[in-house]
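What follows is calculated from the coordinates using simple rules that are stated; it is not laboratory data. Keep in mind it's a predicted model, so treat the numbers as computed, not measured. As a convention, Cβ positions derive from the backbone with ideal geometry for all residues, glycine included, and neighbour counts pool all protein chains shown.
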């Protein structure tokens, strides 16, 4: 079956929508679009009408490319106040032959969260860390024989208020929210590999208004924190120093300044009119110095936060987000993080920018759940799939349930 998944990454400056077809663990990008995030601050809906206009705009753009209405999505919700806690659950195996199957794992996951999530919080996912079968600790218990199954897992939750505004807004434009994801899960899943899955490391996503720092232990999210600083601070710094508009400051950040002063040229400059209607000349070196100072602060704050989030030795620090594509950002990362620093690199054709890393990773993350459940799923129905290319197959679109939230990417590592 052809599996189509749509992901909506709701940021502070941009809303990104990606429609992808998953083929043999690879994603073919059918649509990759964005729209300004109006009415949204730090990924929260603060003005429903303005945000609704942005949502309608981004869905219309994608639908114009794909040619089919997009009525089902997975979406990011704010990571602020997200919690990760260790839990365990023991269940008796269901089948008469006592062979452990998927439904036994689902029961164990349900046991891990039963009566353990407060009423004001919402389950994001359950990430198994280990299983015990016949008093033996195993990684994958499927098809083993035992009277009972014990699971240890990391449970991830967020406040319900992080979800309610987004869910209501999508419903108001006729789009079903089929699952929620926090950005660290999408970030890691986009960049993960077999080596990272064996190590303890961190992922740092430098967003527009906030920077999210998350810790992964052998591919399992164990802790995270949101720092109240992001790329917008760089724009504000430039606007303040040169007394220019935010639009001009953003243009300098993106088209003149470098992330490090090492290769910046004092004789490369542009002339602008400041807020006092006076012409000013801004050279690359001075602008780069401002950008470098703020980026250095952000990375150092992230390093400090990593040390607070885990006492384990870190093997890598992945940096992602649109700002990581700034010219000479690699020089700064090497200077501040040494061999630990890895700059994320989105390689999917049609979305080759780090600002799309979260959205693409979300699709990979959700696809891993579907694989484990052995479920056929597509955001498009049979007739729509035939319009996209034709396939004589019955498509089974399951109802959204707790099962969808219970499968993380543990078995896909």
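Data overview
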| quantity | calculated |
| --- | --- |
| Cα→Cβ-extended label distance, 7 Å offset, between residue 85 and residue 275, nm | 4.7 |
| Cα gyration tensor category, rounded, prolate or oblate, for region 44-126 with a/c compared to 1.5 | oblate |
| Calculated [θ] (222 nm, deg cm²/dmol) that DSSP helices of n ≥ 4 give over the chain, each run adding -39,500 (n - 2.57) | -10500 deg cm²/dmol |
| Between region 193-212 and region 18-84, the Cα center-to-center distance that results, in Å | 21 |
| Relative packing of peptides 97-107, 253-263 - highest average C-beta neighbours within 10 Å first | 253-263, 97-107 |
| Coarse-grained scattering of region 114-273 at q = 0.11, 0.13 Å⁻¹, given as base-10 log I(q)/I(0) from a Debye sum over alpha-carbon atoms | -0.72, -0.89 |
| Degrees separating the helix 102-113 axis from the principal Cα axis of the chain, which is the longest one | 60 |
| Least to most buried among 326, 88 (fewest other Cβ within 10 Å first) | 88, 326 |
| Theoretical FRET efficiency, 1/(1+(r/R0)^6), r = Cβ-Cβ of residue 254 and residue 138, R0 45 Å, to 0.05 | 0.35 |
| Burial ordering of 289, 347, fewest other beta-carbon atoms within 10 Å first | 347, 289 |
| Nearest-ten-degree value, helix 48-66 long axis tilted from longest Cα axis of the chain | 80 |
| Semi-axis lengths (Å, descending) of the ellipsoid that matches the C-alpha gyration tensor of region 233-296 | 18, 13, 8 |
| With Cα atoms, 0 to 90° folded angle of helix 231-242 axis to the chain main axis | 10 |
